[in-house]
Amino acid sequence: MADDAVERPVPPPFMWGCGACVRSLLRLAGAWGAPGGCFWEQVQVARHLAEAHPDAVPAPHLEGCGVCPEYALRPDADTDVWAQHRARDLFLPPSVARLL
Ligand SMILES: [Zn+2]
Ligand SMILES: [Zn+2]
């Protein structure tokens, strides 16, 4: 299934009030469906969310996620990377968000 066949969620209002969020969302929108993919654009948005908007990062997924249970079991896990994984929920469809 091509990336552009998947519907993206509408990002939450706080993201539209943040210049850095808007810029990275627009970059992602521009790269969405591009032949080279938009991996780095996704990472940029998630990294910014985890750093600048930690309160907005969703709680760990209890179901349907192969990533969160792994982190939950590891006290020495990199919590920044985990937060970036959960932040993906805010701007990506679940099928894509939980790939990383
Ligand atoms: Zn922001
Ligand atoms: Zn998860």
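Read the figures in this text as sums done on the coordinates, not as results from a lab. Small disclaimer: the values here were computed from a predicted structure and weren't measured. Cβ placement follows ideal geometry from the backbone for every residue including glycine, while neighbour counts extend to all protein chains displayed.
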May I ask for the longest run of the chain untouched by GluC sites (Glu not before Pro) that are loop-located per DSSP and have at most 13 neighbouring C-beta atoms (other than their own) within 10 Å?
-> 8-62
Cα centroid distance between the stretch 28-59 and the stretch 74-97, in Å?
-> 10
Quick one: order Asp89, Asp78, Asp55 by neighbouring beta-carbon count within 10 Å, fewest to most.
-> Asp55, Asp78, Asp89
Tilt relative to the chain, helix 39-52 - C-alpha long axis, 0 to 90 degrees, to 10 = 60
Picking from Arg74, Arg47, Arg23, which is most flexible by a Gaussian network model of the chain using Cα springs under 10 Å?
-> Arg74
Between 0 and 90°, nearest 10: helix 19-31 axis offset from the chain longest Cα axis = 70
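Using only the alpha carbon atoms of the stretch 37-100, find the Kirkwood hydrodynamic radius as the inverse mean reciprocal pair distance, in angstroms to one decimal.
Answer for the stretch 37-100: a Kirkwood hydrodynamic radius of 11.8 Å.
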